[in-house]
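Here the structure comes first, spelled out in structure tokens, and everything after it is commentary.
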């Protein structure tokens, strides 16, 4: 089985071209290829598949084999792969995801290959029902009190095609992301678990983010999480609508448009290709 290793701001996945390869058991395959000691090594597996409603379809699986609805960094790499490998010819394309159909615009570098991708992440889902989380389905969860490990945090919860809880902290580099992130991911409030973003505000236009991804643990970046941070910053009065988000794997540009959609721009990088024996 041929694969390609790619990353967006350090958020790395193994990509399989489903136009040419057939994957019978993506759950087990995701667990095997993601293993950094005995597999290829990645934050998960992404399948690029034919679609009847978009240019291509994307399926994303975490390290533990659970399927996610969306991945903001992963979808940029899907667009790059589709253009660079001839699945699409135009520099604007649509991708079908578990969180809906998204539109992407690509920027080609001097090499003739895609360097940067802008994604229209769509409008955030701001109610508990959108996330989903317990409580009244029509109620918003902005700056609510969340308690874990005998500590109380202020969380803003929303959906960017997948569930996010954004928590602003004073010193993100010293924050115990693994300890607290795992507890919040599996909190009783979130029946489908939740991705957790820990964020330090540097200025109204600049933030620093660390990410705890459900099913994968701490990752170097999370595009949908960065989009959720852009929304949460505005909702809580901490940031402007256009920000630079510094993640451990690189920077992303976010803008929450007045029309409702969140625009995300960032790099997409192909690292290497190879063959993997699924047996």
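Would you mind telling me which residue in 112, 68, 98 has the biggest mean-square fluctuation in a Gaussian network model of the chain, where springs connect alpha carbons within a distance under 10 angstrom? Highest fluctuation of the listed residues: 112. Here the alpha carbons of segment 156-215 define both size measures, Rg and Dmax, at 11.5, 34 Å.
Extents of segment 217-279, taken as max minus min of Cα coordinates on every principal axis and listed largest first, are 51, 24, 20 Å. Seen from all directions on average, segment 1-98 presents a Cα convex hull projection of 5.9 nm².
Can you tell me the equivalent ellipsoid semi-axes for segment 75-121? Use √(5λ) from the Cα gyration tensor, largest first, whole Å.
Details: eigenvalues 68, 22, 12 Å².
Taking √(5λ) for each eigenvalue gives 18, 10, 8 Å, largest first.
Spin-label model, residue 137 to residue 53: label points 7 Å out along the Cα-to-beta-carbon direction sit 1.9 nm apart.
Antiparallel beta bridges, as assigned by DSSP with both residues in segment 141-260, represent about 75 percent of the total such bridges.
By the helix-only formula, in which each DSSP H run with n ≥ 4 contributes -39500 (n - 2.57) and the sum is divided by residues, the chain has a 222 nm mean residue ellipticity of -5000 deg cm²/dmol. In this simple spin-label approximation, residue 145 and residue 173 carry label points 7 Å from Cα along the Cα→Cβ vector, and these lie 3.3 nm apart. Note on segment 141-260: Cα Rg divided by 2.2 N^0.38 Å, N the number of residues, gives 0.95.
Per the Kirkwood definition applied to all pairs of different Cα atoms, how many angstroms is the hydrodynamic radius of the chain? Don't skip to the end; give the middle numbers.
On the way: mean 1/r = 0.0536 Å⁻¹.
In the chain this quantity evaluates to 18.7 Å.
Between helix 72-84 and the chain there is an angle of about 20 degrees, using the helix long axis and the longest principal axis of the Cα atoms.
Here, each number is a calculation from the coordinates, and none is a lab measurement. Every value quoted in this text rests on a predicted model; they were computed, and no experiment measured them. For neighbour counting, all protein chains shown are included, and Cβ atoms are generated from backbone atoms with ideal geometry for every residue, glycine included.
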